[in-house]
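Accompanying notes for the structure given below.
The values are calculated or read from the model by the stated rules, or taken from the named source; none is laboratory data. Everything numeric in this text was worked out from a predicted model, so none of it was measured. Cβ coordinates were reconstructed from backbone atoms using ideal geometry, including for glycine residues, and neighbour counts include every protein chain displayed. With ligands, DNA and RNA removed, areas are computed over all heavy atoms of the protein, side chains included. Shrake-Rupley method; radii C 1.70, N 1.55, O 1.52, S 1.80 Å.
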Amino acid sequence: MAQREDLINQLAASMGAGDYAQTKYEESRYDPDTGTLYCNGQIITKNTIDLAEGFYKNMQAKCDLKTPEGRQMAAIYQVGLEGIKRIRKAEK
């Protein structure tokens, strides 16, 4: 991915967009102004994050907490919900 960004910067510089700036690859980052998560070369919008939160809540509610497997799945969904919560804290 970093090579692609470098190539884009070089192309922009050759088209008169200014000096070529070395880019640094970031595996993931969150933009609190837009609510967008940039992760593994993907752009994950605030709307998609909201949908993910709803999915995790819905799936967690369906877990049978009387069984070890159900409790484990509920805990897995909770991990996703906690990740979203931490992302949203960065917005403030």
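Considered as a group, the residues in region 33-53 that are modelled with pLDDT of 90 or more and of a type in the set (Asp, Glu) include one that is nearest to Gly80 (Cα to Cα), and that residue is Glu53.
Matching residues to (1) outside any helix (DSSP H, G or I); (2) open to solvent by less than 70 Å² (accessible area, probe 1.4 Å); (3) free of Cβ contacts under 8 Å to residues at least 24 places away in the same chain:
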residue: Ile43; (1), (2), (3): yes, no, yes
residue: Gly70; (1), (2), (3): no, yes, yes
residue: Met73; (1), (2), (3): no, no, yes
residue: Glu82; (1), (2), (3): no, yes, yes
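The set of residues from region 56-68 being free of Cβ contacts under 8 Å to residues at least 24 places away in the same chain and part of a helix (DSSP H, G or I) comprises Asn58, Met59, Gln60, Ala61, Pro68. The single condition from (1) at pLDDT below 70; (2) surrounded by 13 or more Cβ atoms within 10 Å (Cβ to Cβ); (3) at positive phi that Gly18 fails is (2). Scanning region 55-92 for residues that are over 23 Å from Tyr30 (Cβ atoms) and of a type in the set (D, E, K, R) yields Lys62, Asp64, Lys66, Glu69, Arg71.
From the list Tyr30, Tyr77, Tyr56, exactly one residue is open to solvent by less than 40 Å² (accessible area, probe 1.4 Å) and at pLDDT 70 or above. Which is it?
Tyr77
Candidates Ala52, Ala61, Ala90: the one that is over 30 Å from Arg4 (Cα atoms), out of contact with any helix residue (DSSP H, G or I) (no Cβ under 6 Å at 6 or more places or on another chain) and of a type in the set (A, V, I, L, M) is Ala61.
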